[in-house]
Amino acid sequence: MCDVISQAMSQLPPASRRGVLKALGAGVAGGGLLVAGGPAAAATQRGHRVGGARFRTRVVLLGTAGGPIRLGGERSGISTAVVYEDRVYIVDLGAGAGVRLAQSGLGLEDVPGSMLSQVRGIFFTHLHSDHVTDWPHVYLTARANTFDRTLPAMQVYGPGDRGTLPRVFPPGRPSPPVYHPEDPTPGTVGMTGYLDRAFAQDVNDRSRDNNVGGPGELFSVHDIDLEGVWDIDPEGKPPRLSEPLHIWTDGDVRITATLVDHHPTAPSFGYRFDTPDGSVVISGDTTVSENLIDLARDCDYLVHEVIDAQWVDQIVAPFPDEVASAVRQHLLGAHTTIEQVGRDVAEPAGAKNLVLTHLAPATNSPSRWRRARRGYSGSLIVGEDLMELGVGSRIAER
Ligand SMILES: [Zn+2]
Ligand SMILES: [Zn+2]
């Protein structure tokens, strides 16, 4: 479908749109009215049901699989939404996240092509492909999926150009050729600029043929400024921060971040969302990180990555001892194990609920992940795609 349909529909009165939607096969639930605009839609969406109760703030797990490797199973790549009233904030866009977002019901009620209509912000923890690979999808199709959007441009935050390449691993190996040497470490702004270039034919075709602007008009992209915070080195081990980084305050929603330890991939961020109902912290990829423990202090939900060390042992078993040990050290030095995540992170942080996500391997049974309960006195939740969790108190039925 081309953007011309949504463009044309925006010119129609609501009653006429219903007919177009039927023709598109979208259907209109229960014969209900098509919601005409953002504010009206927002009023219907305040307080969603989670497990039979209504919550104003929610966490929606869009994708829960770890790593770029596809091992089968039903999980999509990593992506998490935090929702406050009608505002949607998304952290990371792994493989399949765009499809999960469309399935999540976070668009306008009964309005197809609106999965991005209520999105206020998108936040990247780091630029590993398993966290950003659906950004091209979301970015380039945004024009067709922001139907009836009345909000300003979506704010996008992520790592900047770190300006240095990581050390070669294992030590002593000859340096591989540098990819794209004239700009080898573009940040979030740079990466998005390259999307405009790579897909220029599509953007130009649509702007000339369909009379729509480029996707860049719908987004305001920012590199998180680390000036005076960290001069990133090839080891990529972040400094201890005395306070979190303020990213954005959007009305009642305050978003802060910290530097987590996913060395040598740097910078890597964990994010915290505070709303009047409570707090949600999303770890990104990290080994046990004191900065993250600080960020997650007394939070309602800590949504944390996890890796199974036993699975890593199986992977490295066929290799000679020296190689096996280096690979093991590499994987476990940049991620958090089942044994660590509850006992060494959620417990000292005082997190009320620990939600496991970015599960590596994605094919493990839930019972294996539940071992993270050992040493953790809060409530453990093994994440599933499209799982919704309510934050704070239920709100009264109206
Ligand atoms: Zn990852
Ligand atoms: Zn990563």
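A few comments on the model shown:
- Candidate set: the range 181-229, residues that are more than 24 Å from the chain's Cα centre (by Cα) and hydrophobic (A, V, I, L, M, F, W, C); chosen: the one surrounded by the fewest Cβ atoms within 10 Å (Cβ to Cβ): 200
- Candidates 347, 384, 305, filtered to the one that is in contact with a His (Cβ under 7 Å, 6 or more places away or on another chain) and acidic (Asp, Glu): 305
- Scope the range 133-170; condition hydroxyl-bearing (Ser, Thr, Tyr) and crowded, with 17+ Cβ neighbours inside 10 Å; matching residues: 133, 139, 141, 146, 157
- Subset of the range 206-226 [β-branched (Val, Ile, Thr) and either at pLDDT below 95 or assigned to a loop (DSSP other than H, G, I, E, B) (or both)]: 212, 224
- Extreme residue, farthest from residue 113 (Cα to Cα), among residues of the range 133-142 that are in a helix (DSSP H, G or I) and more than 16 Å from ligand 2 (Cβ to nearest atom): 136
- Close pairs from the range 110-136: first more than 15 Å from residue 89 (Cβ to Cβ) and away from ligand 1 (no atom under 16 Å from the Cβ), partner of a type in the set (S, T, N, Q) and not in a helix (DSSP H, G or I), Cβ under 9 Å, at least 6 apart: 111/117; 113/146; 114/146
- Residue within the range 306-324 that is part of a strand (DSSP E or B) and either hydrophobic (A, V, I, L, M, F, W, C) or surrounded by fewer than 21 Cβ atoms within 10 Å (Cβ to Cβ) (or both) present: yes
- When the range 232-248 is filtered for residues that are without any contact (Cβ under 8 Å) to a residue 40 or more places away in the chain and assigned to a loop (DSSP other than H, G, I, E, B), the ones remaining, listed by number, are 237, 239, 242, 243.
- Members of the range 117-132 found to be within 8 Å of ligand 2 (Cβ to nearest atom) and either within 22 Å of residue 107 (Cα to Cα) or aromatic (Phe, Trp, Tyr) (or both), listed by number: 131
- Condition check for residue 251: modelled with pLDDT of 95 or more and touching a Phe, Trp or Tyr at 6+ places or on another chain (Cβ under 7 Å): no
- Some residue of the range 333-349 being in contact (Cβ under 8 Å) with a residue 24 or more places away in the chain and at positive phi: no
- Residue 344 vs. criteria more than 24 Å from residue 385 (Cα to Cα), crowded, with 16+ Cβ neighbours inside 10 Å and either away from ligand 1 (no atom under 15 Å from the Cβ) or not basic (Lys, Arg) (or both): yes
- The test for being away from ligand 2 (no atom under 16 Å from the Cβ) and closer than 29 Å to residue 392 by Cβ does not hold for residue 91.
- Pairs where the first residue, in the range 200-212, is closer than 16 Å to residue 137 by Cα and of a type in the set (D, E, K, R) and the second is part of a helix (DSSP H, G or I) and modelled with pLDDT under 95, C-beta under 8 Å, 6+ apart: 206/3; 206/143
- The residues on offer are 229, 203, and the sole one that is more than 16 Å from ligand 2 (Cβ to nearest atom) and assigned to a loop (DSSP other than H, G, I, E, B) is 229.
- Yes/no for residue 154 being of a type in the set (A, V, I, L, M, F, W, C), without any contact (Cβ under 8 Å) to a residue 40 or more places away in the chain and more than 16 Å from ligand 1 (Cβ to nearest atom): no
- Residue match in the range 239-255 (condition: closer than 24 Å to residue 63 by Cα and within 15 Å of ligand 1 (Cβ to nearest atom)): no
The values are calculated or read from the model by the stated rules, or taken from the named source; none is laboratory data. All figures in this text were calculated on a predicted structure; none of them were measured in a lab. Methodologically, a virtual Cβ is constructed for each residue, glycine included, from the backbone with ideal geometry; neighbour enumeration extends over all protein chains shown.
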